[in-house]
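K.L.:
I have a structure here, written as structure tokens, and I will follow up with some questions on it.
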């Protein structure tokens, strides 16, 4: 039974290693990445995963082996040594080098995603105001706030747009509309408690703080469009790839309900078509008598 | 170095209350902490079981359990109730279980015994530190029963969801606008406990804050005692570098507590003031809107809380692991029958973890809206903390290499600590990497990591320590076979519960979600969630074996004798259980605590004290 | 021993994967709609409230109303004799409306032979019952605010303000039906719109991510709860007020009320009930300025008498549910019933039932209402106000 304990440990370790190995095949793995900087993030994840897996197997392997080989026997005496300076040196320096490598290799990736001055010039802006328990999104419909050139030219107008709602803004709830390749700049706000704007497929997350407007950027890779106009229903189809928006900071009892959807249009034209249709609906003043409803 | 001559036997006879209830004996106090800690362990565990029941079967009618919920809730758990469950689970486990067990129970029990002192430096202060926990116990338990339930803003209690209250209308009644009318019923007057417009648990949150303030004061008293005792009251010959690692760990932990707790206590007071006196430490200038309810205008910053809170709570996680690391070192050396590998590196790495632990708190706040450039600094320090932790793991491997391993229950638990801490530590590297943290922050990956270091490491360390030092505490042995059954089942079930959390965390399933089944990116993770829940329930049931073993052995356990494990440190030379005053004569220490398999003696162990044989008060055997 | 235990457990673990299919999302079969025990609000006190009730005070309101001179009827006051009749009421309600797990609406439209459930679209075209599906969705998404019987007293209700709607008055704020104020019900589309868009500025979130069929089922279930609640409330008022019952029988009275009240719902759904405004004259400075004049002129619409200072200094008042409201602040840009011009038209045309906003069609014609609508759209935006010369300070 004594050696059996090492086998016991070994079996459990093997079990969890096995689970990790089959998970990607079972579909229990990272959601599909659709973001331009997502690949860098995922590459870093995999780099760490391989390094960590190596050291995991190494240390657990040595442990299980030692538990097996050195299981106690009556009459035997253990070896008598207190340490080994050379070993200490090796297993201090080698991990240190690896860890410093991991640390410094990622600094730029973080800066590119989060530091405001490093964000690329936006092609579109929107304001997302999180509240208990939904996402209120405000899109500009004025052409001077759409497209990279227009936004650059009207930078100060963008500032005041950010501070106050405009007459011709489109207000939508729980829907984020972007187009492939568009660099999106979100002005993230909240009027009640801390929420967190989380798009798993865009590998972006940012807490919303009451009292602050925080800039967030992301962009969908080309070829990732997930919605198109349906001539029959006269609406845009539900996203083919489930691109969710979720809240990622406990904000009260409805924290789990704050589901939004991300619609990625195939190009700017399609996005503008949606914007126009949605604005028309917001400006509706007529009633469709035959259907009995607008 | 106070005692050169034996201290005269106490003339007082304390009576039952003085001996077992309001005792100043560190051993009694330690056992008091042990019992209360274990009771709260079961409360915290029950809360976790309820959490898992909801998460395993989110919409469903659970047989029997559904009927316990009121019809007005649709006979299912209410989301506000769920938020309370996980918030209180964490709060109870951290502040009422792990820290009191590691620092309060074992710190108290072991320190004087292991360094050869009669008691702590300040025995009355020590007694106070335990009894200050009782107001905390009463307040936290009563918070479950106030209107709105116990605190439900997470154990992290972030403003503004935790801290906001309605603005005051002093003396003005909402329904009439008239000045306070004495004929109006009491409850219409301004409530003593403020309700929150953000969520139901406004009153519960206030009690949570008060309770934790008491816990903090208790811990600060304890840490002052430990530091003083360890520095000043070591027996002759017990140099700092002859102390067992358990004592080094307790010493460094006490320094962590003394320096970090005041910050948490202040933060708790600030939030308490915000909630009761309508100060605005955490309320932003423009105020907040909750539908028809608007708070007053503020002048503060919600982010301030996060800095203050994590400045303590990060060192807190090291407070929750360092003692266990110390115990594990002692247990592994004892049952490897071999000296601990790398004593000084082990001490330095404890210090390194603690020191670095003070400059990494921002890694909890990478996505919080704090300036991202600060994130880079915190990231580098955080990644470097893996280094001393890795050094410790390698040294434990070095200890079992070439050993003569005795697979006793304490040893198994200690080995589980080592193998599971590897996983917990390695998973930490993912979240230290800031771009990856963007994706995995506030997901189950974090929950997996924290349970691997808290349950799979600290709690196995605690179990190991209980099985190991039980004989010294009570003079009896716990049952070895049942201890092994408890260990094996706990090890399997806990891995089945917490390991898959890494997988659903990689799937980016958010934490603190009442119902994950609504979202496209988490719906398919259902089987794993259910599997985790079933494993968790089995894990919970398994702990009943431990309770039974613990309680039965108190009465019917085999008598342990002085040193059942043939261990070297000073406490094993005292009698089992040790008497008031610990040692009848002053121990004189000749060597370090890990002289196992020494070629100098015939046995494979060598107690630290030169006069070990005289320390138990038993007749000294004829010289041999 | 440990090895065998582990093997056995591994098998158990693997078998648990299949258990994920075994869940039942609905109410349990033995649940009943509980009898109403909370007071029925009849009339508000004359005194004006100072502000909204603080969090957690919802249940105190009936007692306060009574103290301050308002009128409530408390089911606890039913005498022993009446309790028997009350039992008959509950039994009849169950026969007509079913249980939470198996809801139904059993009745005919008025005196005709038309089935109520079909006319109100509580069954879909294929005859499939929408109510059971709606009840599952309600339990999952709505119950914790709106309560099991739609009483607006779910577990989270007292902590949010405005409080969740109590369906049992049969009063809904946002309706596009042109029925007279006392009997107006919302059209299905109004309820769907509320579900889809949420109510901005309140805790009613948007459920637009649910499918169209899910939303339809929820609307049907809400209508069911409202009808049931209103019937119970009306009959109970008669019992408490010692009024004469139809044929001296609780059962007959209940049936009568079901027919009467359901009829209003049926009327609301008719195409002719939809408020159809005259064509929109367009957005122009003249229209905006005219709207401004109408707003502030007491002899015309005189909106400013309730929406004091354009809404910035409104007084609180008691509404028809016995809770506290106040007129909207137009400078905030938040319109709870919808921000589209047509929504604003409907609110001004027929008022907002229950809240004290009266109907203005009659005193105002369609064009004047459009002028007000244009003005309200400009009002929240300082830039636009400057452009059109609107002074509000």
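K.L.:
In a GNM of chain C with a 10 Å cut-off on Cα contacts, which of C:327, C:380, C:281 has the highest mean-square fluctuation?
P.N.:
The residue with the greatest mean-square fluctuation here is C:281.
K.L.:
Taking 8 Å as the Cα distance limit and 6 or more residues as the minimum spacing, I'd like the relative contact order of the range C:40-273 as a percentage.
P.N.:
Numbers: 332 pairs, mean separation 52.9, N = 234.
With pairs under 8 Å counted, the relative contact order is 23 percent.
K.L.:
Please compute, over every Cα-Cα pair in chain A, the percentage with a separation greater than 30 angstrom. All intermediate terms of the calculation are to be shown ahead of the outcome.
P.N.:
Values: 21246 of 43071 pairs.
So the pairs more than 30 Å apart make up 49 percent of the total in chain A.
K.L.:
In nm, what is the difference between 0.36 nm times the number of residues separating residue B:17 and residue B:286 and their Cα-Cα distance?
P.N.:
Values: separation 269, 0.36 × 269 = 96.84 nm, distance 5.60 nm.
Result for the pair: 91.2 nm of gain on full extension.
K.L.:
Compute the helix-to-body angle for A:38-69: its Cα long axis versus the longest principal axis of chain A, expressed 0 to 90° and rounded to tens.
P.N.:
The angle comes out near 20 degrees.
K.L.:
Against the longest alpha carbon principal axis of chain C, how many degrees, from 0 to 90 and to the nearest 10, is the axis of helix C:250-269 turned?
P.N.:
Roughly 50 degrees, rounded to the nearest 10.
K.L.:
How much FRET efficiency would the formula 1/(1 + (r/R0)^6) give for residue A:25 and residue A:46, where r is the Cβ-Cβ distance and R0 is 22 Å, rounded to 0.05?
P.N.:
Numbers: r = 16 Å, r/R0 = 0.73.
Rounded to the nearest 0.05, the efficiency is 0.85.
K.L.:
Looking at chain A only, what percent of DSSP beta bridges run antiparallel? Nearest 5 please. Please report the intermediate quantities before stating the final value.
P.N.:
Values: 28 of 40 bridges.
Counting DSSP beta bridges with both partners in chain A, the antiparallel share is about 70 percent.
K.L.:
Among A:288, A:192, which comes first, then next, by fewest other beta-carbon atoms within 10 Å?
P.N.:
Details: A:288 11, A:192 25.
Neighbour counts put them in this order, fewest first: A:288, A:192.
K.L.:
What are the extents of the Cα atoms of the range A:233-294 along their three principal axes, listed from largest to smallest and rounded to whole Å?
P.N.:
44, 31, 19
K.L.:
Looking at the protein assembly as shown only, what percent of DSSP beta bridges run antiparallel? Nearest 5 please. Write out the running numbers ahead of the final one.
P.N.:
Numbers: 44 of 59 bridges.
Antiparallel bridges: around 75 percent, rounded to the nearest 5.
K.L.:
Give me the distance between the Cα centres of the range B:343-389 and the range A:231-259, rounded to whole Å.
P.N.:
That distance is 36 Å.
K.L.:
Averaged over its residues, how many other protein chain Cβ atoms are within 10 Å of peptide B:143-152's Cβ atoms? Walk me through the numbers on the way to the answer.
P.N.:
On the way: counts 0, 0, 0, 0, 2, 4, 1, 0, 0, 3.
Mean number of neighbouring Cβ atoms from other chains: 1.
K.L.:
Provide a whole-number value for the mean count of partner chain Cβ atoms within 10 Å of the Cβ atoms in peptide C:60-73.
P.N.:
Values: counts 5, 2, 0, 3, 7, 1, 0, 7, 5, 0, 0, 0, 0, 0.
Mean number of neighbouring Cβ atoms from other chains: 2.
K.L.:
To the nearest 500 deg cm²/dmol, what mean residue ellipticity at 222 nm is calculated for the protein assembly as shown from DSSP H runs of n ≥ 4 alone, each contributing -39,500 (n - 2.57), summed and divided by the residues?
P.N.:
It comes out at -15500 deg cm²/dmol, rounded to the nearest 500.
K.L.:
Cβ neighbours within 10 Å, averaged per peptide: list A:17-30, A:171-184 in order, most packed at the top. Walk me through the numbers before you get to the answer.
P.N.:
Details: A:17-30: 14.0, A:171-184: 21.0.
Per-residue Cβ counts within 10 Å, averaged per peptide and sorted highest first, yield A:171-184, A:17-30.
K.L.:
If you line up the long axis of helix A:2-26 against the longest principal axis of chain A, both from Cα atoms, how many degrees apart are they, to the nearest 10?
P.N.:
With rounding to tens, the tilt is 20 degrees.
K.L.:
Give me a single rounded figure for B:370-383: the average over its residues of other chain Cβ atoms within 10 Å of their Cβ. List each step's numbers first, then the result.
P.N.:
Working: counts 2, 3, 8, 5, 0, 5, 9, 0, 0, 6, 5, 1, 2, 8.
Partner-chain Cβ atoms within 10 Å, mean over residues of B:370-383: 4.
K.L.:
Hey, can you rank C:227-235, A:123-131 by average C-beta count inside 10 Å, highest first?
P.N.:
Numbers: C:227-235: 24.4, A:123-131: 22.0.
Highest-to-lowest ranking by the protection proxy: C:227-235, A:123-131.
K.L.:
Among C:146, B:566, which comes first, second and so on when ranked by fewest other beta-carbon atoms within 10 Å? Present the calculation step by step, with values, prior to reporting the outcome.
P.N.:
Numbers: C:146 24, B:566 17.
Going from sparsest to densest Cβ surroundings: B:566, C:146.
K.L.:
Same structure, new question: When only C-alpha pairs under 8 Å and at least 6 residues apart count, what is the relative contact order of chain A, in percent? Walk me through the numbers before you get to the answer.
P.N.:
On the way: 432 pairs, mean separation 52.4, N = 294.
So the answer I get is 18 percent.
K.L.:
Something else: How do A:32, A:257 line up, fewest other C-beta atoms within 10 Å first? Present the calculation step by step, with values, prior to reporting the outcome.
P.N.:
Values: A:32 13, A:257 21.
Starting with the residue having the fewest Cβ neighbours, the order is A:32, A:257.
K.L.:
Below 8 Å between Cα atoms, with a sequence gap of 6+, how large is the relative contact order for chain B in percent? Could you put the intermediate results ahead of the total?
P.N.:
Numbers: 1074 pairs, mean separation 97.4, N = 624.
For chain B, the relative contact order is 16 percent.
K.L.:
Moving on. Taking the Cα centre of each part, how many Å lie between the range B:459-526 and the range C:81-158?
P.N.:
45
K.L.:
While we're looking at this one, here's another question. From the Cα gyration tensor of the range C:40-273, with a ≥ b ≥ c the square roots of its eigenvalues, which class applies: rounded if a/c is under 1.5, or else prolate if a/b is larger than b/c, or else oblate? Don't jump to the answer; show the numbers that get you there.
P.N.:
On the way: a/c = 1.61, a/b = 1.07, b/c = 1.50.
Oblate is the answer for the range C:40-273, as a/c is 1.5 or above yet b/c matches or exceeds a/b.
Values quoted throughout were computed directly from the atomic coordinates according to the rules given, and no laboratory measurement underlies them. Just so it is clear, the structure is predicted and the values come from calculations on it, not from any experiment. FYI the Cβ positions are ideal-geometry reconstructions off the backbone, even for glycines, and counts take in every protein chain you see.
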